[in-house]
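The values are calculated or read from the model by the stated rules, or taken from the named source; none is laboratory data. Not measured: the values here are computed from a predicted model. When we count neighbours, we look across all protein chains shown, and the Cβ atoms used for this are built from the backbone with ideal geometry, even at glycine.
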Ligand code: SF4
């Protein structure tokens, strides 16, 4: 057990991003405007705590649109949906509200542009992730998925000179760089913007962990198991040779992890609320003296407009994003 003051390092940015805040606010505003239930297709963001809190306010999460009664309000999650889902909602007379993160929507627009120009779209991503399912659905007949550099030589495309690559927004920067390199070597005329599709929030959170991992004996990442960007943070720390764990909340901390950890970095994926990080810091402080040090590698000022129908002022919204500061 550590006998001296334990250091708690808080890499920043961490926790909620602008796309997640917008998606949650869309559901909250709809609940206020329409009253419950408001249906949400899939988890609005990949965080169990956020989902449970919205459920307690009257949101109903469904996997498929046929679970939504006709003419009801349904929200598409931050991960985006395939155009076929939008068409299905319209055909069923649902009142659909799109909470797709604008940065995911941008990738959809790029996929459409490339496919319309006759290119095969090579999407770098993880099979089955909701964002990947949505992006592949933009041009399903012209899109192929690649998950690793080793898979690149096996990709089948119509015309090797007409290919464009895009990526899931929440991947590891290094992973995308490796795959991009393999793509450029295999398809010399491929178009694409390198790691530019990885969103600012994902790359900032990775850079922040990279900046502190050398000083940490242990890295705790607050996030849910299905959160892509949270998992990438754990991998980044482990890749640097540091013990790291993904935890849903403070209750998930195993005391055995802390025994030899004099310096602990605590971060959170973009879908995990700041208050869960605060609770982890409080739990660590309850075990003995701690010195909390925040390391800021980037300031985030990104904001996204709400859909037009929801932009009217609204009182009494909680401030979700106030982060734990130096103390
Ligand atoms: S992690 Fe990135 S892409 Fe996903 S909601 Fe946040 S800003 Fe948008």
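Quick notes on this one:
- Some residue of segment 190-201 being more than 16 Å from the chain's Cα centre (by Cα), assigned to a loop (DSSP other than H, G, I, E, B) and on the phi < 0 side of the Ramachandran plot: yes
- Scanning segment 226-236 for residues that are part of a helix (DSSP H, G or I) and surrounded by fewer than 20 Cβ atoms within 10 Å (Cβ to Cβ) turns up at least one hit.
- Segment 258-299, residues that are in a loop (DSSP other than H, G, I, E, B) and out of contact with any helix residue (DSSP H, G or I) (no Cβ under 9 Å at 6 or more places or on another chain): 259, 260, 261, 262, 286, 288, 289, 299
- Residue match in segment 258-270 (condition: within 16 Å of the ligand (Cβ to nearest atom) and touching a strand residue (DSSP E or B) at 6+ places or on another chain (Cβ under 6 Å)): yes
- Condition met for residue 32 (more than 12 Å from the ligand (Cβ to nearest atom), modelled with pLDDT of 95 or more, under 22 Å from the mean Cα position of the chain (by Cα) and surrounded by fewer than 18 Cβ atoms within 10 Å (Cβ to Cβ)): no
- Just so you know, in segment 101-122 the residues that are within 23 Å of residue 304 (Cβ to Cβ) and in contact with a strand residue (DSSP E or B) (Cβ under 6 Å, 6 or more places away or on another chain) include one that is nearest to the ligand (Cβ to nearest atom), and it is 107.
- Candidates 45, 20, 81, 51 - the one that is within 16 Å of the ligand (Cβ to nearest atom), under 22 Å from residue 129 (Cα atoms), touching a residue at least 40 places away in the same chain (Cβ under 8 Å) and part of a helix (DSSP H, G or I): 20
- Residue pairs meeting the criteria (Cβ under 9 Å; at least 6 apart or on separate chains; first in the same structural domain as residue 126 (by TED's automatic domain parsing) and more than 16 Å from the ligand (Cβ to nearest atom), in segment 189-214; second in a helix (DSSP H, G or I) and at pLDDT below 95): none
- Condition check for residue 81: farther than 25 Å from residue 209 by Cβ, buried (at least 16 other Cβ atoms within 10 Å of the Cβ) and modelled with pLDDT of 95 or more: yes
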